[in-house]
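Take a look at the structure below.
The values are calculated or read from the model by the stated rules, or taken from the named source; none is laboratory data. Computed from a prediction, not measured in an experiment: that's the story for all the values here. Note that each Cβ is placed from the backbone with ideal geometry, even for glycine, and that neighbours are counted across all protein chains shown.
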Amino acid sequence: MGSDRRATDFPHNPVVALWRKPTASVERAFPVYYFLMKTNLLFVAAVLLAAPAFAQKETVPAVVKAEFAKKYPDAQRVKWEKEETNFEAEFRLENEEMSAVFDAKGNQLETEKEIQVSQLPAAVQAYMKKEGKKIKEAAEITNASGVRYYEAEAGGKDYLFNAQGQPVSKIN
């Protein structure tokens, strides 16, 4: 015959202690265990909160920052990110979300501006609908030569299109 007792009937079981509050008698019986458990949780929380402060920051070259400031003197909330060998500044300008990509020498490679989904070319919207993709965000991208592209984000993936609305694999 089997026992009618369950794991939760044993208050000293350390596994059980992880999901229910122990009785006062158990805390008295195992004070070191509960102290360590609580301090370990605090330590893990502190490490997780402090991790971004220790993250390796890539410094943006002064020439890149200078070129950005020259081209976008009224930019607000500027955040820099390293994008492969280039540097991307995300910012707000005249109440629009934008980003600009520069190479390490300060040459601007592209500009991206958020647009409404309805502002995408009809061909882009038709393509995404045909593929069964619901567009979450849209952007207009202009490369250094002035050629315009469109980006549609759906399902966590970015889809690129040329100005005519045809899919492309990358921006030239």
>> Against the condition of a type outside the set (Lys, Arg), out of contact with any Lys or Arg (no Cβ under 7 Å at 6 or more places or on another chain) and in a helix (DSSP H, G or I), how does residue 145 come out, does it pass?
In response: no
> Mind checking which pairs have a first residue in the range 93-113 that is under 12 Å from residue 81 (Cα atoms) and at pLDDT 95 or above and a second that is charged (D, E, K, R) and surrounded by 15 or more Cβ atoms within 10 Å (Cβ to Cβ), Cβ under 6 Å, 6 or more apart or different chains?
Replying inline: 99/88; 99/90; 99/112; 101/88; 101/110
>> Name the single residue that is farthest from residue 88 (Cα to Cα) among those in the range 136-162 being among the β-branched types (Val, Ile, Thr) and surrounded by fewer than 18 Cβ atoms within 10 Å (Cβ to Cβ).
In response: 147
>> Tell me yes or no: at least one residue of the range 67-84 is surrounded by 12 or more Cβ atoms within 10 Å (Cβ to Cβ) and of a type in the set (Val, Ile, Thr).
In response: yes
>> Condition check: within 18 Å of residue 146 (Cβ to Cβ) and among the hydrophobic types (A, V, I, L, M, F, W, C). Does residue 101 satisfy that?
In response: yes
>> So, in the range 105-128, how many residues would count as being part of a loop (DSSP other than H, G, I, E, B) and within 12 Å of residue 68 (Cα to Cα)?
In response: 3
